[in-house]
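Worksheet: one structure, shown below.
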Amino acid sequence: MASTRGLAQTRPIDWARANLFNSWWSTAVTLLLAWGIIRALWGFIGWAFVHAVYSVPHAADGAPDTAPCRAAQEVGACWAIVPEKYRFILFAFYPYDQQWRPALCVVLFVALYAVSANRRFWRRELGLIWIATLGVVALLMWGGVLGLPYVPQYQWGGLPLTLILATLGLAVAFPLAVLVALGRRSTAMPAVRLLCIVYVELIRGAPLIAWLFMATVLFPLFMPAGVDFDKLLAAQVAIILFAAAYLAEVVRAGLQALPKGQSEAADALGLRYWQKTRLIILPQALRLVIPPLVNTFIGFFKDTSLVLIVGIFDLLKAGTTAVADPPWQGFGNEVYLLLAVIYFAFCFAMSRYSQGLERELDRSRRH
Amino acid sequence: MAQVDLSDPRFPGIHAGGAPRRHVRLSWSDPRLRNVIWQVLILGTVGFVVWYLVHNTSRNLEARHIAGGWGFLWQPASIPIGETPIAYTPSVSSYGRALAVGILNTLKVSAVGVLLATLLGTAVGIGRLSRNWLLSRITAVYVEGVRDIPLLLQLFFWYGIVQALPGPRQAFHPVAGVFLSNRGIKLPQLDWAQAHGLALAAFVFGLLATFAWSRWADRRQARTGRRPLTWPAALFFLLVLPIGVWAAFGAPFHLDLPALRGFNFQGGLTITPEYAALLIGLVVYTATYIAEIVRSGILAIPRGQWEAGGALGLSRGVILRRIVLPQSMRVIIPPMASQYLNLVKNSSLAVAIGYQDIVSIADTTLNQTGQAIEGVAIIMGVYLTFSLAISSFMNWYNKRMALRER
């Protein structure tokens, strides 16, 4: 605490001398950076706000006239594309009058994340909440009951699809990863251990793109003749198998970090393997690896964007498609900035949460 | 207290050390028998699923009249490839050659990417620990901001920037011989002569000699406490010697300058827009991860090391270079290896902006020939080789840097 008070008492000039100008080298760096930052900020503000175009006129048939944007293209942003295209970017080809359904799904997902992040809800019921939420999302997205018109999968897209791929992917991949990690640590079952090692190393050996290509090409071949394998399902399965291999390694690190005495004590109490694993090992091992687990979650949230390469309309693909519309061609950076903000919001929230949790767990461990 | 029967199979651990092995009893309560049964069940299920998939696949391939085998590698490939490090003509060259081009393209972007990302990442990681407030803030903003945006989105952004450059006729022309346009970056290319090869050899020799000189200086310093000057030797070996060799062989110097002919440039060295965008994207993205690794590596070194260095009167730069970084290498190297692997794997995102790496070409091959299994095997083989190469190099380096305990 003393250092904070000391800092508060120093005058700004002393602070600047200590932190910005403490040597000729530091002074040079400060001046150079300040010059660069001011120039960049000046340019950005001019582009994004001062010279930006916020709306464009529409012709009688409703077609937008992007001439004002074209006129300002070199100097100013064309934010008119956002009100014009945000419904498409967020929900892609989902029927326009039904788009409240995917919107509600996004809200449900965010609520689900918020509930899962709260340590008070870390109980067995959380699993049920996840299953219930995913069920409601499926109901909303597909429809076909309760008077909701049926919407086939190929019309899904945008942000809800990204969230489905990430959430369902992790919800299935995580239990699988725990099983694989346990299998890889198993000493009593060498054959199962070998199987898990082969699975993890094989999956981690090639990039996700390669697996997505393989899934879309190979899964239809795997099926008996006449069975149609949906592209979205193929991508989802590929993401699950891929994520499980990486998560398994994180879980394994937690299992390894747990002192052997815990397992021996459980044996001494006469617990069976699954009792021991469920009651003693996993609760402690998983708690040890929460920060790297969240980092892996962040990675996979970002990686869901790769499905656009096999032609699935996730958030990123919807954004790039919106820019490909002839009147709006050339205004990619505005849309990319919007998408970056959306992805950033989700990932940054997760990483801040993980950092906070890490500090909290550190503190509780020290007591 | 209840009597515990030590032969009870519920206490397998108790017999771990030297106890006589029990016979397997044909009873569900024997854990060893249970394990065998479980393994047979699991392997049986997995085996059945694999057999079922293979069976379906071979039936499906038969139905599509696709024969297995590697014969397609010698058939002419009708894949247009924009960037060919080795000679390749569509519809004439074979699929094997097309795949080789893909592998070389992956290598080309990965090798340069790893090098640049390491340099940028190390600089940023150290910068984030700087006592200069502005520098540490701006590097933190860069790391936190760039890390949380998907690489693919960043690639689109960079590709958009590169494509938005003016056409060849209005190309940016910062210095003579350098043109930046939407056709890529044009650089002057040196007409290679024998003298250049010799000068390069002299430079490599100079590097080794400088290294040897500084080792000698280290030993001398350890013995006498005085450090001989190293910069004159470095200057001589790295600058004077190569230039001297070059001059001695006639000092040939002819640059192939790019020049605007019609609608495009002729001559010079070309960096395609796709390659430039991919490289910038990979470097900027991976550097944020490397920066965090370097930062945590430096932070892992106890403060006492800094203070001890300060007490000896060393400057912060010298402490960092000669005391802290060599020790933090042990923390840095293992995660760094996995970041290098990530960069190599992420280079497969090239397909999104039209740079043809191995995954892109293998996928096209697979679609054109229908040889799905072989295409998958090729991709696996290539990446497995890359990961084995990188991890064995990093293991070797790690062993070299490891703590030698006496």
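Remarks
- Complete set of residues in the range B:49-91 that are at positive phi and small (Gly, Ala, Ser): B:GLY69, B:SER91
- B:GLY127 being within 13 Å of chain A (Cβ to nearest Cβ), surrounded by 17 or more Cβ atoms within 10 Å (Cβ to Cβ) and within 27 Å of A:MET350 (Cβ to Cβ): yes
- Across the range A:150-200, the number of residues qualifying as of a type outside the set (Val, Ile, Thr), more than 10 Å from chain B (Cβ to nearest Cβ) and either at positive phi or not in a helix (DSSP H, G or I) (or both) comes to 5.
- All of B:TYR285, B:TYR275, B:TYR355, B:TYR289 fail the test of being at pLDDT 85 or above and either at positive phi or more than 13 Å from every other protein chain (Cβ to nearest Cβ) (or both), apart from B:TYR275.
- Subset of the range B:24-44 [among the β-branched types (Val, Ile, Thr) and either within 11 Å of chain A (Cβ to nearest Cβ) or in contact (Cβ under 8 Å) with a residue 60 or more places away in the chain (or both)]: B:VAL36, B:ILE37, B:VAL40, B:ILE42
- Residue in the range A:291-299 that is within 12 Å of chain B (Cβ to nearest Cβ), of a type in the set (Gly, Ala, Ser) and free of Cβ contacts under 8 Å to residues at least 60 places away in the same chain present: yes
- Taking residues in the range A:343-357 that are facing another protein chain (nearest Cβ under 9 Å), and partners anywhere that are surrounded by fewer than 18 Cβ atoms within 10 Å (Cβ to Cβ), the pairs with Cβ atoms closer than 8 Å and at least 6 places apart or on different chains are A:PHE344/B:GLY145; A:PHE348/B:GLU144; A:SER351/A:ASN295; A:SER351/B:GLU144.
- Any hit, the range A:334-355, residues being closer than 21 Å to A:ASN118 by Cα and touching a Pro at 6+ places or on another chain (Cβ under 7 Å): yes
- Residue within the range B:75-90 that is under 30 Å from A:VAL227 (Cβ atoms) and either free of Cβ contacts under 8 Å to residues at least 40 places away in the same chain or within 14 Å of chain A (Cβ to nearest Cβ) (or both) present: no
- Qualifying residues in the range A:240-262 (those that are small (Gly, Ala, Ser) and crowded, with 18+ Cβ neighbours inside 10 Å) - the one farthest from A:MET214 (Cα to Cα): A:GLY254
- Between A:ALA80, A:ALA92, the distinction of being at positive phi and more than 12 Å from chain B (Cβ to nearest Cβ) belongs to A:ALA92 only.
- Whichever residue in the range A:274-288 is within 13 Å of another protein chain (Cβ to nearest Cβ) and surrounded by fewer than 18 Cβ atoms within 10 Å (Cβ to Cβ) and, among such residues, is nearest to A:LEU182 (Cα to Cα): A:TRP274
- Residue tally, condition of a type in the set (D, E, K, R) and either within 29 Å of B:ASN346 (Cα to Cα) or over 34 Å from the mean Cα position of the chain (by Cα) (or both), over the range B:239-278: 2
- In the condition set (1) small (Gly, Ala, Ser); (2) more than 10 Å from chain B (Cβ to nearest Cβ); (3) in contact with a helix residue (DSSP H, G or I) (Cβ under 7 Å, 6 or more places away or on another chain), A:ALA265 is compliant with all but (3).
- Test: residue in the range B:230-249 that is touching a Pro at 6+ places or on another chain (Cβ under 6 Å) and either within 30 Å of B:THR106 (Cβ to Cβ) or touching a residue at least 12 places away in the same chain (Cβ under 8 Å) (or both): no
- For the residues A:PRO64, A:PRO57, the requirement of being exposed (fewer than 11 other Cβ atoms within 10 Å of the Cβ), away from chain B (no Cβ under 14 Å), in contact with a helix residue (DSSP H, G or I) (Cβ under 9 Å, 6 or more places away or on another chain) and not small (Gly, Ala, Ser) singles out A:PRO57.
- Any hit, the range B:52-59, residues being of a type in the set (A, V, I, L, M, F, W, C) and assigned to a helix (DSSP H, G or I): yes
- Matching entry among B:GLU307, B:GLU374 (being farther than 24 Å from B:GLN75 by Cβ and either modelled with pLDDT of 90 or more or within 14 Å of chain A (Cβ to nearest Cβ) (or both)): B:GLU307
- Just so you know, in the range A:216-232 the residues that are in contact (Cβ under 8 Å) with a residue 60 or more places away in the chain and in a helix (DSSP H, G or I) include one that is farthest from A:PHE313 (Cα to Cα), and it is A:THR216.
- Within the range B:168-179, considering residues that are surrounded by fewer than 18 Cβ atoms within 10 Å (Cβ to Cβ) and either basic (Lys, Arg) or in a strand (DSSP E or B) (or both), the one nearest to the chain's Cα centre (by Cα): B:PHE172
- The residues listed here are A:PRO283, A:PRO291; of these, the one that is at pLDDT below 90 and touching a helix residue (DSSP H, G or I) at 6+ places or on another chain (Cβ under 6 Å) is A:PRO291.
- Yes/no for A:GLY270 being farther than 21 Å from A:ASN295 by Cα, crowded, with 20+ Cβ neighbours inside 10 Å, small (Gly, Ala, Ser) and at the interface with chain B (Cβ under 9 Å from one of its Cβ atoms): no
- B:THR57 meets each of the listed conditions (1) within 14 Å of chain A (Cβ to nearest Cβ); (2) under 24 Å from B:THR364 (Cβ atoms); (3) touching a helix residue (DSSP H, G or I) at 6+ places or on another chain (Cβ under 8 Å); (4) loosely packed, with under 15 Cβ neighbours inside 10 Å apart from (4).
- Selection count, the range B:120-132, where residues are modelled with pLDDT of 90 or more and farther than 14 Å from B:ILE298 by Cα: 1
- If you go through the range A:302-333 and pick out every residue that is assigned to a helix (DSSP H, G or I) and either closer than 23 Å to A:ILE164 by Cβ or touching a Pro at 6+ places or on another chain (Cβ under 9 Å) (or both), you end up with 19.
- Any hit, the range A:8-15, residues being surrounded by 12 or more Cβ atoms within 10 Å (Cβ to Cβ), within 18 Å of B:SER130 (Cα to Cα) and at pLDDT below 90: yes
- Restricting attention to the range A:87-108, the residues being touching a residue at least 24 places away in the same chain (Cβ under 8 Å) and β-branched (Val, Ile, Thr) number 2.
The values are calculated or read from the model by the stated rules, or taken from the named source; none is laboratory data. The structure displayed is predicted, hence computed values, not measured ones. Positions of Cβ are backbone-derived with ideal geometry, glycine not excepted, and every protein chain shown enters the neighbour counts.
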